[in-house]
Number of protein chains: 2
Amino acid sequence: MTTALIDAPQRTIRIASVPATVRAASPVAPLRTQCSACHLKDLCLPCGLSGEEMQRLDSLMFGRRKVAAGQTLYREGDRFQFIYAVRSGTFKSSLTLADGREQVSGFHMAGELMGLDGVANGHHASSATALEDTEVCAIPYAHLTELAASSSNLQHVVSRLMSREIVREHSLMMLLGSMNAEERLAAFLLNLSQRMKARGYSSSEFHLRMSRAEIGSYLGMKLETVSRTFSAFHQQGLLEVDKRHVRIVDIEGLQRAFESRVH
Amino acid sequence: MTTALIDAPQRTIRIASVPATVRAASPVAPLRTQCSACHLKDLCLPCGLSGEEMQRLDSLMFGRRKVAAGQTLYREGDRFQFIYAVRSGTFKSSLTLADGREQVSGFHMAGELMGLDGVANGHHASSATALEDTEVCAIPYAHLTELAASSSNLQHVVSRLMSREIVREHSLMMLLGSMNAEERLAAFLLNLSQRMKARGYSSSEFHLRMSRAEIGSYLGMKLETVSRTFSAFHQQGLLEVDKRHVRIVDIEGLQRAFESRVH
DNA sequence: CGCAAGCTTGATCGCGCTCAATTAGGGTGG
DNA sequence: CCACCCTAATTGAGCGCGATCAAGCTTGCG
């Protein structure tokens, strides 16, 4: 996939139109969702939309789909038809390197969208794997853009979500380009903490859904270093760690570890 | 800016509408551009559009703007109104760290777009600095989305450009997360080589517009390491280097250095 | 009970960072 | 014109962070 890095960033674009019947052929459970009735509506796609616009979204009747722990929702190279909103559980996004190792590019929790990287050329650029039993809404991208054509607000929302993804990756690049192991892990934990808080969970105590190896891949370090850094934070009195259970004891201290280099 | 990393990735969105008179107030030179007459039209924004759609783009009459070497086109935090297409010259995008150091997040050549990260929240998330004397088209984003509302193809083009940016950054994350110094510099040079070729220049011999420090910042290594790696490639018979002038002697060898780890 | 997977911890090594000296090129002013 | 300064780049020496290799522990599952 890193071939994208040595491709010219802009080449001839061919507009693929997805047939309107595509939804019927997809492996989506019969259950359908209305955004207006969803408990995640303030976090997820419809966030910021007016009542009228949300009703239009409702008309799309997104199909739900369950993905068991360890299963993939889509793989890199798969034809791009849907973007997915996480309803429950946690996913990782990853790319596969030539030698078979994986590079984790993100973690996704309830209310977050996945798959926007597929818009670029009609195929998913990464794989999405469930880290626990999960449920998603499958949003047919072609229908979404149809709808967006008649609602500039919805169009803005989709654009902003994509732009936000760009900004998020900027931040991660900065992390990978200029931070040491402690700063990286502190940034990761603080980010997780905020996202837990936004979802109504404790911001100071939570269960990690991902392995040390997955954290390490995401942060650009080896699993042993992740483990050692957890231990170091414990010895500094910042954390209590038991396997995947984490309690943040001194959040200001953790922020200091993070801000030691980056604002 | 890395605060984005510890922000919940989705929060309440407010739709800002840009007044239609905004263009008149902007610091754009009176010269106006029509995409259909531009020599870059196959690389740039209108790439893939039909004649009719290109005429609609023409109606926006993008203003041109010259930016002298070392000057910024926009800075992080600036109000987002325009995206910019490079007409000539080279830019770097960068973020500023708390300690004043900069982190380069990209280089942009003729035909490439800049500023899409500003869509996320109405402010530019990065700064754009000219590495030589340059000229850009200033594309009023609000007008572009207006136009896109009536042309699904144009909407797709804009979405794809944003998605492509996401994919590009995925690749860079992979580079920063899992490659060593030689692999990073090889990837960088091969990418540059392809982009030069796409613009009709020699793919094997070109002038670097950026300093060793800027390359290093972009690739997550120190300028001394960049310099040493250039020397190493020279000793391996892959390159001839004289300051910023580079000639690729053995492109297959360079690809091997790149593919040693990543496909 | 045995086996495998995930995590921790220790010991050692090496890549890339840091500090430092040198050279070359460009701009400026006397 | 040269003296001077400033910046960019190269190269060397030494060190430290994080990778690598390895051992041991816990937990879960057949």
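What the table below lists for this structure:
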quantity: Pseudo-label separations to other copies for residue B:36 - Cα-to-Cβ vector, 7 Å, nm; calculated: 4.4
quantity: Net charge dipole size for the protein assembly as shown [Lys, Arg +1 and Asp, Glu -1 on Cβ; Debye, nearest 20]; calculated: 400
quantity: Ratio of the Cα radius of gyration of the protein assembly as shown to 2.2 N^0.38 Å, where N counts its residues; calculated: 0.95
quantity: Value of relative contact order over chain A, rounded to a whole percent, pairs C-alpha under 8 Å and six or more apart; calculated: 17
quantity: Positive-end extreme of charge dipole, region A:20-173 - chosen from A:89, A:157, A:125 (charges on Cβ); calculated: A:89
quantity: Hz values of 3J(HN,Hα) by residue in region B:65-81 - Karplus curve (6.51, -1.76, 1.60), Gly and Pro given as x; calculated: 8, 9, 10, 6, 3, x, 7, 9, 7, 8, 10, 4, x, 4, 4, 8, 10
quantity: Backbone N under 16 Å from the residue A:39 label point (7 Å along Cα→Cβ), restricted to region A:171-196; calculated: A:196
quantity: Cα-based shape type of region A:179-262, given that a ≥ b ≥ c are square roots of the gyration tensor eigenvalues and the cut on a/c is 1.5; calculated: rounded
quantity: Under-20-angstrom lysine pairs by C-alpha in the protein assembly as shown, whenever the two are 8 or more apart or on separate chains; calculated: 14
quantity: Summed buried accessible area for A+B [probe radius 1.4 Å, Å², rounded to 100]; calculated: 7700
quantity: Å² of accessible area per residue within the protein assembly as shown, as computed with a 1.4 Å probe and no ligands counted; calculated: 41
quantity: Listed residue (B:219, B:239, B:179) projecting farthest to the positive dipole end of region B:179-262, Cβ model; calculated: B:219
quantity: Charge dipole magnitude, Cβ of K and R +1, D and E -1 - region A:20-173, Cα centre, debye nearest 20; calculated: 240
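The values are calculated or read from the model by the stated rules, or taken from the named source; none is laboratory data. Predicted model, so just to flag it, every value in this text is computed and none were measured. So basically every Cβ, Gly included, is an ideal-geometry build from the backbone, and we count neighbours across all protein chains shown. Please note that ligands, DNA and RNA were not included when accessible areas were found on the heavy atoms of the full protein model with its side chains. Shrake-Rupley method; radii C 1.70, N 1.55, O 1.52, S 1.80 Å.
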